[in-house]
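Everything below concerns the one structure shown next.
The values are calculated or read from the model by the stated rules, or taken from the named source; none is laboratory data. Predicted model, so just to flag it, every value in this text is computed and none were measured. Cβ coordinates were reconstructed from backbone atoms using ideal geometry, including for glycine residues, and neighbour counts include every protein chain displayed.
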Amino acid sequence: MHHPLHPRPQPPQEQDKAGRHLIYPLKGSLQNYAWGSGSYIQELIGISTPEPLAELWLGAHHKAPARINGQTLDAFLKANPHLAGTSYSEEQPLPYLMKVLAAQKPLSIQVHPNKDQALAGFERENKQGLPLDDPKRNYRDANHKLELICALTPFEAMCGFRAFDRIAEALQTVGLSNEVAACRQFCAQPDPQSWKECFAALLSLESVILAQTLENIKRLDPSTWAREQAWIKRLTELYPQDCGVLAPLYLNLVQLQPLEALFLDAGTPHAYLQGAGIEVMTASDNVLRAGLTSKHIDLCELSKVLVFQPLDVEVLKLNSSSSALRFFSHGAHEFKLGYAPVNAASALDLRLDTPAIILCIEGRLNCLQKSSKIELRRGEAAFCDAGEQEMSIAGEGAFFVVM
């Protein structure tokens, strides 16, 4: 369920001499999932809601497009495709989607497909006649979903499989190598194939074995497993019968500080646990779930999409730059995320040659381009078209930009 952000009054945008707006006020769409925060997005955009708010979508994805002057961004770009530049297509007006995400409770364990898997899966489910909103659907579009999450508050997540020797140590300590044949085989010979079979078994444990395993979590050495033990306890309180509560045994636990980020490639299992962040992704809503959810889990398709290799997690920091505007380096060519503080002493000049979305995260900013001007306060956003342009950003505050 979504509804447009309640608009604050905006001065009318000015136009350049050709009569074309260059900077447009952008109103995001809100998602009120149960795992959302009761305060973060509400305080950011200056509203109060009875329900938690989980995400603020700033993009042209058909599920919950942002709006320009009351018109959805996807419809606006379909009517003005030149404003989206060379990346425009009718199915995907913008190559990226920007979100503010605020998690008070953990999200499901999930994985996203690569481009080939998404295209094949989308066509297959279309041929099967599954409606796009069918809960059994794995593929809601034909695009891959690469993600970058940048923390706005202290942020915790699970991301990628642990080193196999560490997983084996945990499974042996809590007794699963004795109770489950696939776990015993993996511990004897840890490799991607034995882990694939072990992982499927861990998601399908009998309730008696799950209960005994949870009882045995205290056997883990707290000097190296304390955070995992704490999260398993918390997850069990929220999802008592869900085998996904054991995920901290085999997924890396990651803590991010504000302005640190994670890049999540296709095939990487992950779950955001707690905190607020800016999330940027390729324009897709393809999600396969593995646990911590009441939604559809397709174990067979999940096992085809997951990469069953350990991941050495890299926490990304903004690159060093002579400019105040700094970016994260990552593996997706479809988008880049930048951040800059702005102070009254000096304006920041920004050169744009692709469509961009600017979000004011702090203070108050004036965005100026030729004769086009817009003021952004905390929580307000703007869409900048793809025409090559120089923009000056002045004021006192900070912003994120996706381009």
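With (1) within 17 Å of the chain's Cα centre (by Cα); (2) closer than 30 Å to SER204 by Cα; (3) in a loop (DSSP other than H, G, I, E, B); (4) not hydrophobic (A, V, I, L, M, F, W, C) as the list, and HIS296 as the residue in question, which single condition is left unmet?
(1)
Within the stretch 255-299, how many residues are surrounded by fewer than 19 Cβ atoms within 10 Å (Cβ to Cβ) and under 21 Å from TYR40 (Cβ atoms)?
Residues in the stretch 255-299 being surrounded by fewer than 19 Cβ atoms within 10 Å (Cβ to Cβ) and under 21 Å from TYR40 (Cβ atoms): 4 in total.
For GLU228, are the conditions met, namely being within 32 Å of the chain's Cα centre (by Cα), surrounded by 21 or more Cβ atoms within 10 Å (Cβ to Cβ) and closer than 24 Å to ASP265 by Cα?
yes
SER303: among the hydroxyl-bearing types (Ser, Thr, Tyr) and closer than 12 Å to ILE393 by Cβ, yes or no?
Considered against the rule, which asks whether it is among the hydroxyl-bearing types (Ser, Thr, Tyr) and closer than 12 Å to ILE393 by Cβ, SER303 comes out as no.
Quick one: which helices (runs of 4 or more DSSP H) lie wholly within the stretch 34-149 and hold at least 2 residues that are among the small types (Gly, Ala, Ser) and crowded, with 21+ Cβ neighbours inside 10 Å?
115-127
Filter the stretch 345-375 down to the residues that are in contact (Cβ under 8 Å) with a residue 60 or more places away in the chain, in a strand (DSSP E or B) and more than 21 Å from the chain's Cα centre (by Cα) and list them by number.
CYS367, GLN369, SER372, LYS373, ILE374, GLU375
Of the numbered conditions (1) of a type in the set (Lys, Arg); (2) in contact (Cβ under 8 Å) with a residue 60 or more places away in the chain; (3) out of contact with any strand residue (DSSP E or B) (no Cβ under 7 Å at 6 or more places or on another chain); (4) farther than 27 Å from THR268 by Cβ, LYS78 fails exactly one; give the number of that condition.
Every listed condition holds for LYS78 apart from (2).
If I filter the stretch 195-202 for residues that are modelled with pLDDT of 95 or more, within 26 Å of ILE149 (Cα to Cα) and among the hydrophobic types (A, V, I, L, M, F, W, C), do I get at least one hit?
yes
For the stretch 212-262, give me each residue that is more than 19 Å from LEU107 (Cα to Cα) and aromatic (Phe, Trp, Tyr).
TRP225, the sole residue that qualifies.
Looking only at the stretch 206-223, count every residue that is of a type in the set (Ser, Thr, Tyr) and surrounded by 11 or more Cβ atoms within 10 Å (Cβ to Cβ) and tell me the total.
1
In the stretch 191-200, is there at least one residue being hydrophobic (A, V, I, L, M, F, W, C) and either outside any helix (DSSP H, G or I) or over 14 Å from GLY291 (Cβ atoms) (or both)?
Yes, the stretch 191-200 contains a residue that is hydrophobic (A, V, I, L, M, F, W, C) and either outside any helix (DSSP H, G or I) or over 14 Å from GLY291 (Cβ atoms) (or both).
Which condition number in (1) farther than 30 Å from GLU380 by Cβ; (2) touching an Asp or Glu at 6+ places or on another chain (Cβ under 9 Å); (3) aromatic (Phe, Trp, Tyr) is the one that PHE263 fails?
(1)
Show the residue pairs meeting these rules: Cβ distance below 8 Å; 6+ apart or different chains; first residue within the stretch 237-258 and farther than 18 Å from LEU316 by Cβ; second residue of a type in the set (D, E, K, R) and assigned to a helix (DSSP H, G or I).
That search, which allows pairs on different chains as well, returns PRO248/ARG227; PRO248/GLU228; LEU249/GLU228.
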